[in-house]
Amino acid sequence: MATCDTPGVLAVFPHGGICADAVRAVKQAGRTKFHVYSPIADHRVVAAIGQKVSPLGLITLAGALTGFLSAIGLTSYAAASYKIVVMGKPFLSWIPWVVIDFEFTILFGCLSNFIGMLALSGLPRRRTTPGYDPRFSDDKYGIFVPCEGVEREQVMSLLREHGAAEVHEQ
Amino acid sequence: MNETLAPTAIGDIPEEGVRDFASVNRQILGNIKVTTRQWWIVLGILIAGVGMFLSCEMNQFFHGIGVDGMNNPTFWGTMLVNFVFWVGIGHAGTLISAILYLFRAKFRTAIARSAEAMTVFAVMTAGLFPVIHLGRVWVFYWLAPYPNQRELWPNFISPLMFDFVAISTYFTVSLLFWFTGLIPDLAAARDHVPGWRSKVYRVLSLGWSNNQRNWRHYARSYLFFAALATPLVISVHSVVSWDFALSIVPGWHSTIYPPYFVAGAIHSGFAMVLVLLLPMRHFQKVKNIITMDVLEKMAKFMIFTGLILAYSYGFEIFVGMFSQNTFEMAAFLKRLSGFAAVSFWTTALCNCLAPVIFFWKRARRSVPWLFLVGVLVNIGMWYERYLIIITQRQTYVPFSWGDYFPSANEIGLTVGAFCWFGMWVWLFMRFMPTISIVDIKEEIPHAATEAQHGHV
Amino acid sequence: MKRRDFLKIAGVSTALTAAGCGFPTNQKLIPFLNPPENIIPGIPTWYATTCRQCPAGCGVWAKNREARIIKFEGAPEHPINRGKLCARGQAALEDIYHPDRLIDPVSRSGGESRLTWPQARAMLHAQAAAAGGKVAVLSGLETGYDAALLNGWLGGCGGTRATMFEPISYDELREANLAVYGTDDVPALDLSRSDLLVSIGADFLETWLSPVEFSAQFTAARERDVRKTGFVYAGPRMSATAAVADRWLPIQAGAEAHFAFALLAAAIDAGVSASADDLLCARAALGGAKTEDLARRCGVDEQLIRAVARRMVKEASQPYVLTAGSADAAIAANLLNHLTGGVRAVADFSRPLAYSRLARRAELEQFRKDLESGAIQALLVFRANPIYAWPGFAEAIAKVPFLAVIDSVETETTAKAHLVLPVHTPYETWGTYEPRRGVVGIIQPTMGALHPAAHLQQILAPAGGNPEPVEQHFARLGGAPLGLAGDPHAGDFRGLVARGFATPASGAATAPELKLTGYQFTAIAPRESLTVHGYPSLRWYDGRDANKNWLQEIPDPLTCMTWDGWVEMHPDTAAKLGVAQGDVVEVETRHGKGEAAVFLYRGVHPQTLAIPMGMGRSAGRYTRGSGVNPLALTRGRASAGDAKVRLTGRKIRLAHTDGSSQQFGREIARAIYEVAPPERPETEAVHLKYPVRVPIAANHDDKVDIYPPVEHSMYRWGMVVDLDKCSGCSACAAACYAENNVAIVGKERVLENRIMHWIFIQRYFEDGENPGVRFLPMLCQHCNNAPCEAVCPVYAPHHDSEGLNVQIYNRCIGTRYCGQNCPYKVRRFNFFKYTRTPPLNLQLNPDVTAREMGVMEKCSFCVQRIKQARQTANVEEREIRDGEVQPACVQTCPTGALSFGTFLDPASKVSRLAKDPRAYQVLDELNTRPGVIYLKKIVRDDKLGKA
């Protein structure tokens, strides 16, 4: 299923430790474009890849603020469009509205968090990323390096000497 | 392409814990298997129950809400009882998946998934009641703040409006939260479950690829979900409690309501989790994952919530008496001895006394006791809400006092709601990974995995 | 004004309107090209006529909208009721629109068959002729036009026996008057002139003689001097009248006379100042009977009786004693009134009431014998129900070959008739009625006839040919024969009709002479056994009003019972007999027996079984098969002794509306005491420290009000309810049902606490007090800080600019939170779709929405009337005057306990009343700032000492 038309080399590793070493080696070899597959977010692999923290937090925050403001807007506008007296309260009785504001904040925050997560990680997509192998959702780790022609050999050897259990050409 | 994995084969299950990643997949995905005859029979019964729910609803839709027991002093009946009860059930799920996640409580991993599922289904059940209890169901959408010609907007200071917003938010959030957690496991199911269902899981898993890009944002997303759901879960049942506390009905108008509703919600939620997990744990053969230690921790938690409730009940009464207000005092005296006494003492015994048995370690670690207390607490919590509802029978003006008894129609709706909830749980346990594969894998020490394949 | 045209068109358009509701028709509701006279869609036309629900003969104005009457209101100018009306008067509407109305003539000679009018009239005349002079007419109390018609017809057939029969005939009073004063007239009374009333079983605020008139007079008497005017009630049952007395003295039914003579004796002992002859006469009547043994016989503490007598003789200047049900008691009362001089102040024999025309009991007995003996071969009954209300009549009538009944609604008697002749109700035809000399009420059609029934004059007109139209005949008869002559405006016939009544000059009042001779009261030993006591029902009178769903559902003020007949039994007696509430018992006297459910009532003498008249019926869709007819147990008398009670083992749920009869010190209905109040639990202290705060912005108080004051635009509508005046008569409730299309839900729903009344009388019993009854009319309080408003998610209830708490039915989605949060529990929810049996639906008030299923409703202060008044005011470019707006309940309240107006105007009546030291607001500690201010009941010092 994971076969895809992007040419490249896929190495499968038995566990995260080795995979992490291989990742470092690949990076030293000056390669920036490659996929690392792992059944869990293995902190060793993550460390090896050394990415910056996801910007998702900002998106969520923005969403939450939007929710908060829109709630204030909605409640005030609703009250102002008919100045109806209930229980002798002033028609702009904002204290109880805090509840509404709060709920909207959470709601919009969560929605933007979810959508942001999908967007950033390129989901949803019809097929899995190049070089994906079902075993990666089970217990195997893997690195897929897109490359062609002469490069292939050296990449494969690189990966082999860093402990790849199998290496496939694609 | 790989014969190393036989997806549906169940490996021999160790007594405690799990050996390696592969066995986790086998064991958990192994439960997603072809349905049996008995399973269909049970499902049939549950769907029949849902049918009964629908017919009762049709009955009151066409003949009027009067087919239920509500009347002039007692304007709200068991439908509000069920609403509060089911929202309460929901809370355990979010608590386990969000709060315990933030507190890094390890025992959550085994139960988080099914608890979250329970939350979603419970809120789906709860959401039905505020709608169908309306006198004019067909215009329920007037609650929604939608723009319209006449510029008619809902009244945002009404507790019912809080409710509407809070419950819909809560449902959306817990659904998304649950689904986010499911994505990697759905991917695993996609990869390892044969046949047509694989295609379904492919669609559901949104093309998740286990690559570093996915994981990078996934981890953050899950964290923020937890961070947002935590205040939400506290707020939702507080809001529900304000349906009562913001009124001026003696016995309702009390500031203790929000905390004690939240505590009660978690209490009932945990009880329901126990009632659901104990059978699941047995039939799905996951005793090694949902271990006795996990159950024991839940039992301890229930002692805690049970005691909070005991305190709340006591303090509520104390404040009522302390106020020296005729109406408040009357309301609570009638709970101690009076028309509400039966409900009150049932509540107190089931919610506060029953969990105390868990101080006894043997009980904490015995499945029958856990199950029994779980059932008792659920009964108790239902009665607590019933007690609150019938407080309206005798409020300020003695001349207008009256009776209230649930009608057959209401009972039909109540039972039907349990079937509706059960139906979803039943489907979930058959078609979804009931335990979070990824979380369990993360629990496994690296040594365990690396031991099998020595370093090269 | 061409009344004939109007009637024609009105009749047609009413029929069409009727057709419009439900029956297929392709015609217009109202023809708009050349519209009919007097009908402007949306504008009511008022017709003055006379209420014929009881012999009191109050004047009413009928509100005609689009050719249908939708409301009755008291005629403001009428000398008897002065604009007020009782519950039965309000419900008179239902006679017109009653589903049990008779439509076509029916013959039962040889199988039941419908007849055409010519056939029916032919049959009537043929049979009358066949009887060969042995014809008789039996009618209810009729004077003027109808009496003339009946007598005319009777004369035509050579008959002579025109007899008038009323179940409640006050024959005892007439007998006593005959004995004491030599006249069997019932005098007109002016109770307002008495300063000490002693009622011996006379419920003059409910049914006795002329209740609406007396309610006003009684209020006037108390208002004249709140402190001094006293009222002591002695009777077997604590009626609504007894409940507002200073003191209720329970006496066993049947012992009224003993009490009266004990009082007489005591008065003499107390040294009443009267002429020697009069005293001699009184002593003779007493025949040496002593106060103490008479007291012992009626079971009342002697000291109390002496105290009452002392009060009559020493303190009061014009005491007056009223009695009911016993000729002996009435004689004693007459003597007392004569000795104390009360009679000269209160009674006016020159203006006898219409009752004086009724047949005496002896005559009726003779009449019955004649029926049995065959001396009467054909009987025509007009608007009377003797088979139900005249024990023994049924057996007698069986012997009479021909019985024709003229009535408009199905009754027991029509069911037995050989010939049934449907007649128009008094509100669809012409006539006159003279309730007392000097007042002639005019009856005119207030709407087109609803059914193809006939007018009495047409029925009785000579057979063959077309009878002269009734309006023509009536107009031609005019003046003298109808007793209109002598009225200053007798000339202006149309003017009189528009006014609705004539006041012909009557002779000057004459002081009656004491003519009692050869009478001596024979005291009998006190009864040990139970006594059955049938009392005229506040809602059903003698039963003629029982078959009305309004009067079935509006609760009886003291028992709070709806929808059933019952037997009142004292809890102690019940305990002795082992009877519980709702047990169906068989009550048997030597006259008869019947079954009814027991209602435990502390307000009845332990040895008395009190039964309201009106139930135990075999006819009527709202009455059939419930309760027992007391007249059958007492053979038409007020009471019968030696009653036996047997349990049947059956039990029924009684639909009484009181959730609790105690207020547990909650001080919902408060009182101030002239005497030291009895001990109360101190919890009540919480409620009593709040001053009354009329709900206007000016009374804003930063100490208790969180929010800034709400300014009202021009008015702040509000009501003041004087609990001291309220007699619980429930006329307000009836008026509200009529005005606001309040749904009738039936017994089952009442049992489910789903009754829909917008205003209702709360009744609380107070331990340690006598009578110890508090009535509290409860309705929406239109609070400034209305708890119902804030909790509604869709703004269905909210506050309008004039202080009304308005409810928008169309916006309501039925969360019922408002009802939940209303501390007064005055909101009513439509749990079902409540419909009205045609043609009752024709009575609906087009100005008020009929509420659909699933919405909340409540009192609106008759907002439609406020709008109406505002339109008039705007047209005349002025503000609404004080008292110009009157909600239905306020308009009709016979005692004037309710007043309505704006609090923003400091000069308005309500503003003035709200300054009364008795003013308070219910549940004031909640700071809802209600717009209804209550004035505390005054628990008076009866000056009789404790007993």
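General remarks:
- For the range B:371-400, a residue qualifies if it is facing another protein chain (nearest Cβ under 10 Å) and surrounded by fewer than 21 Cβ atoms within 10 Å (Cβ to Cβ), and the qualifying residues are B:393, B:398.
- Residue in the range C:769-777 that is more than 26 Å from the chain's Cα centre (by Cα), surrounded by fewer than 22 Cβ atoms within 10 Å (Cβ to Cβ), in contact (Cβ under 8 Å) with a residue 24 or more places away in the chain and in a loop (DSSP other than H, G, I, E, B) present: yes
- Sole exception among (1) within 14 Å of chain C (Cβ to nearest Cβ); (2) closer than 28 Å to residue B:83 by Cβ for residue B:329, by number: (2)
- Members of the range A:139-150 that are modelled with pLDDT under 85 and among the charged types (D, E, K, R): A:139, A:148
- Qualifying residue in the range C:821-831 (condition: in contact (Cβ under 8 Å) with a residue 60 or more places away in the chain, away from every other protein chain (no Cβ under 11 Å) and β-branched (Val, Ile, Thr)): no
For (1) at pLDDT below 90; (2) of a type in the set (A, V, I, L, M, F, W, C), each residue gets a yes or a no:
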position: C:51; (1), (2): no, yes
position: C:60; (1), (2): no, yes
position: C:75; (1), (2): no, yes
position: C:89; (1), (2): no, no
position: C:109; (1), (2): yes, no
position: C:114; (1), (2): no, no
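Residue by residue, here is whether (1) of a type in the set (Val, Ile, Thr); (2) within 14 Å of another protein chain (Cβ to nearest Cβ); (3) free of Cβ contacts under 8 Å to residues at least 12 places away in the same chain; (4) part of a loop (DSSP other than H, G, I, E, B) holds:
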| position | (1), (2), (3), (4) |
| --- | --- |
| C:727 | no, no, no, yes |
| C:736 | no, no, no, no |
| C:755 | yes, yes, no, yes |
| C:758 | no, yes, no, yes |
| C:763 | no, yes, no, no |
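- Members of the range B:153-182 that are more than 7 Å from every other protein chain (Cβ to nearest Cβ), in contact with a Ser or Thr (Cβ under 8 Å, 6 or more places away or on another chain) and either among the hydrophobic types (A, V, I, L, M, F, W, C) or under 20 Å from residue A:77 (Cα atoms) (or both): B:177, B:178
- When the criteria are applied in full, residue B:206 meets the requirement of being farther than 21 Å from residue A:102 by Cα and within 7 Å of chain A (Cβ to nearest Cβ).
- Residue match in the range B:407-415 (condition: surrounded by fewer than 16 Cβ atoms within 10 Å (Cβ to Cβ) and not in a helix (DSSP H, G or I)): no
- Test set (1) more than 7 Å from chain B (Cβ to nearest Cβ); (2) touching a strand residue (DSSP E or B) at 6+ places or on another chain (Cβ under 7 Å); (3) surrounded by 23 or more Cβ atoms within 10 Å (Cβ to Cβ); (4) more than 23 Å from residue B:129 (Cα to Cα) - residue C:784 fails condition number: (2)
- If the condition is being of a type outside the set (A, V, I, L, M), more than 7 Å from every other protein chain (Cβ to nearest Cβ) and surrounded by fewer than 20 Cβ atoms within 10 Å (Cβ to Cβ), then the range A:148-165 contributes A:148, A:149, A:151, A:152, A:153, A:154, A:157, A:160, A:161.
- Residues that are farther than 30 Å from residue A:73 by Cα and free of Cβ contacts under 8 Å to residues at least 40 places away in the same chain within the range A:105-136 comprise A:121, A:122, A:123, A:124, A:125, A:126, listed in sequence order.
- Residue check for residue B:309: assigned to a helix (DSSP H, G or I) and either within 14 Å of another protein chain (Cβ to nearest Cβ) or buried (at least 16 other Cβ atoms within 10 Å of the Cβ) (or both): yes
- Residue C:270 meets all of the listed conditions (1) modelled with pLDDT under 90; (2) closer than 24 Å to residue C:674 by Cβ but one, namely (1).
- Test for residue A:12: is it at the interface with chain B (Cβ under 10 Å from one of its Cβ atoms), outside any helix (DSSP H, G or I) and under 24 Å from residue B:185 (Cα atoms): yes
- Looking across the range C:153-172, the residues that are assigned to a helix (DSSP H, G or I) and either modelled with pLDDT under 90 or out of contact with any helix residue (DSSP H, G or I) (no Cβ under 8 Å at 6 or more places or on another chain) (or both) come down to C:154, C:155, C:156.
- Residue check for residue C:925: at pLDDT below 90 and not aliphatic (A, V, I, L, M): yes
- If the condition is being touching a residue at least 60 places away in the same chain (Cβ under 8 Å), buried (at least 24 other Cβ atoms within 10 Å of the Cβ) and outside any loop (DSSP other than H, G, I, E, B), then the range C:251-278 contributes C:256, C:257, C:258, C:259, C:260, C:261, C:263, C:264, C:267.
- Qualifying positions in the range C:88-116 - touching a Phe, Trp or Tyr at 6+ places or on another chain (Cβ under 6 Å) and not in a helix (DSSP H, G or I): C:91, C:92
- Flag for residue B:90 being within 11 Å of another protein chain (Cβ to nearest Cβ) and modelled with pLDDT under 95: no
- Of the strands (runs of 3 or more DSSP E) contained entirely in the range C:840-947, those carrying at least 1 residues that are within 14 Å of chain B (Cβ to nearest Cβ) and not basic (Lys, Arg) fall at C:932-935.
- Which listed residue, of A:32, A:128, A:105, A:75, is of a type in the set (Ser, Thr, Tyr), closer than 30 Å to residue A:11 by Cα and either crowded, with 21+ Cβ neighbours inside 10 Å or within 8 Å of chain B (Cβ to nearest Cβ) (or both): A:128
- Residue C:730 of a type in the set (S, T, N, Q) and crowded, with 24+ Cβ neighbours inside 10 Å: yes
- In the range A:45-72, the qualifying residues are those that are of a type outside the set (S, T, N, Q) and assigned to a loop (DSSP other than H, G, I, E, B), and the one that is surrounded by the most Cβ atoms within 10 Å (Cβ to Cβ) is A:55.
The values are calculated or read from the model by the stated rules, or taken from the named source; none is laboratory data. Quantities reported herein were computed from a predicted structural model and do not represent experimental measurements. Here the Cβ is made from the backbone with ideal geometry for all residues, glycine too, and neighbour counts use every protein chain on show.
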